[in-house]
1. Give me the residue from the stretch 97-120 that is small (G, A, S) and over 48 Å from the mean Cα position of the chain (by Cα) and, out of that set, surrounded by the fewest Cβ atoms within 10 Å (Cβ to Cβ).
2. Filter the stretch 85-137 for residues that are β-branched (V, I, T) and more than 15 Å from F150 (Cα to Cα) and give the result.
3. When the residues of the stretch 43-68 are filtered to those that are surrounded by 14 or more Cβ atoms within 10 Å (Cβ to Cβ) and either within 18 Å of V30 (Cα to Cα) or touching a His at 6+ places or on another chain (Cβ under 6 Å) (or both), which remaining residue is modelled with the lowest pLDDT?
4. Consider S434 against the criteria (1) polar (S, T, N, Q); (2) touching a strand residue (DSSP E or B) at 6+ places or on another chain (Cβ under 9 Å); (3) under 24 Å from Q676 (Cβ atoms): it satisfies all of them except one. Which criterion is unmet?
5. What's the total number of residues in the stretch 651-706 that are of a type outside the set (S, T, N, Q), closer than 30 Å to R383 by Cβ and free of Cβ contacts under 8 Å to residues at least 24 places away in the same chain?
6. Looking only at residues in the stretch 198-222 that are open to solvent by less than 60 Å² (accessible area, probe 1.4 Å), modelled with pLDDT of 90 or more and among the hydrophobic types (A, V, I, L, M, F, W, C), which one is farthest from the chain's Cα centre (by Cα)?
7. Would you check which residues across the stretch 665-699 are open to solvent by 40 Å² or more (accessible area, probe 1.4 Å), at pLDDT 90 or above and under 25 Å from D362 (Cβ atoms) and list them?
8. Restricting to the stretch 16-53, name every residue that is in contact (Cβ under 8 Å) with a residue 60 or more places away in the chain and basic (K, R).
Amino acid sequence: MFCEVEFLRHVAVPTEDVDTNGRPPTTAIVSSLLKQLKMCKALEEFGYILGVTKLKTVTNGKINNESLKYTNFLVDFICRTILPVKGEVMTGVVHSIGRYGAFLKSGPIKIVYLSTRKMPSYYYFVEEGGKPVFLSNDLSRIEKDVVVRFMVYATRWNQPTRDIQVLASIEGESLGPMARWDEILSLPVQNPPTLEFSACDLVWSKVEGHRDNMDRLALVPFARVDDFVRGESNNKDCPTRFHVEARRRRPPKMPYKPKVDGILEYILYWCSFGPDDHRKGGVVRPSRSTYVPKKKSAGRPNTKRGCTCHFIVKRLIAEPSVALVIYNQDKHVDKKGLPCHGPQDKKSVGTRAMYAPFISEDLRLRVLSLLHVGIPVETIMQRHNESVEKQGGPSNRDDLLTHRYVRIQERNIRRSTWELDEDDDVSIGLWVESHQSHVFFYEDFSDTDPFLLGIQTDWQLQQMIRFGNGRLLAFDSRFATNKLKYPIQSLVVFNSDNKAIPVAWIISPRFSRSGDTHRWMRALFNRVRTKDPTWKLAGFIIDDPLCDILTIREVFHCSVLICFWRVRHAWHKNLMMRCSYMEKRAKISKALGQIVKDICRGCGTLESLDNFMENFAECRDFMDYFKAIWYPRMGPWITALKTLPLASQESSAALEFYHNQLKIRLLNENDPDIYQRADWLVDKLGTKIQAYFWLDEYEGKDDFSRYWKDEWASGLTAWRKSRTIPNTDVVTEGDRVKVIDQKDRDTAHVIWNPGSEYAICSCSWAEKGNLCEHVCKVIQYFRDQGSTLPSLSLQQYNRGLIEMLKCPPPNSFIRDHAVSLAIWVNEQLRAQFANGGQSGGSGERDETVNSGTQMEVDLELC
């Protein structure tokens, strides 16, 4: 057993180390003490001395008469000792085996003898090769390097060697050879492809050594321990929440030996309804004896009911990326073996013990999001209580949301600050340390690389797994380049309405290279695959031809598409500002659209741009802008448009809509100097900006419509809005088309170049350079009529099929399979568009499939 013992010792300290006041340094005292104790080794009465824990007093020193170089001090100190006591259970490692017993080592105790008389049912046996072992009837083994749990049967003090000799015994329950680590580490690492998983999703093992009462074992990735804890907490039969009851962690810089059973981290998770029992007659641990039952049931009554359910997580030195989960007790029962909470406990009916003691993660995110966007606490609680009343009273843990909890969250948000330090760089470092779960990549400035920070919250990770698996991921490479100190790069996925949802933000200086993509992309991919090993992208959309395409293909193993929305938006916006005549705008826009089409078909060159600038030289303002800004950049764009598939117009509309949403929600500060603070940027992205995008997916956001601001701007993209416009609202007048406004029926918007993405519309949204729903509706209308060609995306897809048919592989079976797959895809698209057409108010025909105006075309281009 471990003891704390007080001793008095004379310690000699070099006189030169003593200060002018006659006081020795503490390090010198401790160092001299340790040298003496090491020579002492052990004491018969107190056992082995492990170390000094506290210095109580140090008397005034006296110079040694024999040697003036040292000064003697009388030291009163406390040290920790270990003394083996009869009946105590200990563990040791076998270091040698003989015919009549085995010798073990247990910490500082070098001689522990386990006689054959004290290990019944074990028989001495020599294997092939001369290896001696003790084998039992149930095939458990005691051999060299095996860990054995034993009971101290007797002890003897050896004065010459100053050792305590121990006679061990394994007679009794839970004694004997412990689990063999080679067998534990040979277990498969299980990684269920779900966001959360529980014990029923794992295959549990019982490794030889623990006999009948051995605990269940399983290996899971250490990064997914939190997912396992959440899955166990969401048990339908007995909802609860597991908390960390005890934790031991080895310091990162602490040296250690590479032992197979060494532990980097030890975590004990216990059901929150235990282990103490605050019920009448319950048992409370001595360390918690200060608990005084309250007269009034405030907060969470009856939360401690003596539940014994718990499990242990060990992070091993041998495999730091793997966690060993040991389930000691998987039943939610008290010490009497009776259910103590949940539906199975009849005494918990009518109390909070029927449900989990804390609200769900979804409700927590909802409350925080509503508070971040400015919804009052009273309004949140009023809407919540109304929904509970409608369903006839509380039925789950979320229905028990309290006003006190929401008020505390509101107070925490109000008191929080984004400026953690006056120095912006220091503040960013402090933010990263306190938000490790939100950071998937971080590198500060160095001699070779610039600053780079990758942000992804838990909710964004869930959305990336949910909407990115087997679908598209888009990269918005630039945002607020001229306003923010560190511009934002966004990764977005598309939900069921094909709206863009940001799933990661990357922040870096303006001068950072596009080739820096490899620094964070691999870290992001590994983070996602850790949660879902089956996750795989169908395609990656970029909006910059200088992006590191090779890295994208190497990391995600998918095709890369190019999106032209940013260029079209800039051309359209400047054309509306720099050219005053609508007819001239229409001609210039039509010419630009034709040049892009020629490039995508493989016949466009820089000469086409030269001819374009000569033909419209009279529009001096726009041509000067085009020649200065875009003409030097068109070389990489021409190469990208010729070699990469072009993303669909619906993808472009979704990215453009996201870009405008982020602009409204982020760049709305009164003080422009705040944009030069990176700590403000990361704090707002992780709080308010995520809150707005989370509320976009929340079905009950209309209940708070009275508090809506411009930042709440949501709804459908321009492409989706166009599907709600009936064909009867489209009127053709010569080479122009009028589309009746859906809100003001007396207003009609005139469209030039109808049927083209480069059409010009008279609405206010299009005048800002955006792709409006009127232009999208006319494109769909003309394709339904068969009066315009399919989209460039579908033309590229068809051209790829034709080229494949012209150059068949040697095995015709592969070609037949490819053709049948293309036919199957066509049928799926027909069914998809037919369902969408019924809800859109306009009849869909077979030509709609060939128009290629849906995002599914992007998937097929991959």
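The values are calculated or read from the model by the stated rules, or taken from the named source; none is laboratory data. No experiment lies behind these values; they were computed from the predicted model shown. Cβ: placed from backbone, ideal geometry, glycine included. Neighbour counts: every protein chain shown. For accessibility, only protein heavy atoms count, side chains too; no ligands or nucleic acids. Shrake-Rupley method; radii C 1.70, N 1.55, O 1.52, S 1.80 Å.
1. Within the stretch 97-120, the first condition is being small (G, A, S), and the residues that meet it are 98, 101-102, 106-107, 115.
Those left that are additionally over 48 Å from the mean Cα position of the chain (by Cα): 98, 101-102, 115.
Working: G98: 11, G101: 21, A102: 28, S115: 13.
That would be G98.
2. First, the residues of the stretch 85-137 that are β-branched (V, I, T): 85, 89, 91, 93-94, 97, 109, 111-112, 116, 126, 133.
Hits for the stretch 85-137 are I97, V126, V133.
3. G61
4. (2)
5. 5
6. Filtering first and then ranking leaves W204.
7. If the condition is that a residue be open to solvent by 40 Å² or more (accessible area, probe 1.4 Å), at pLDDT 90 or above and under 25 Å from D362 (Cβ atoms), then D683, K688 are the ones that fit.
8. The answer is K41, and nothing else.
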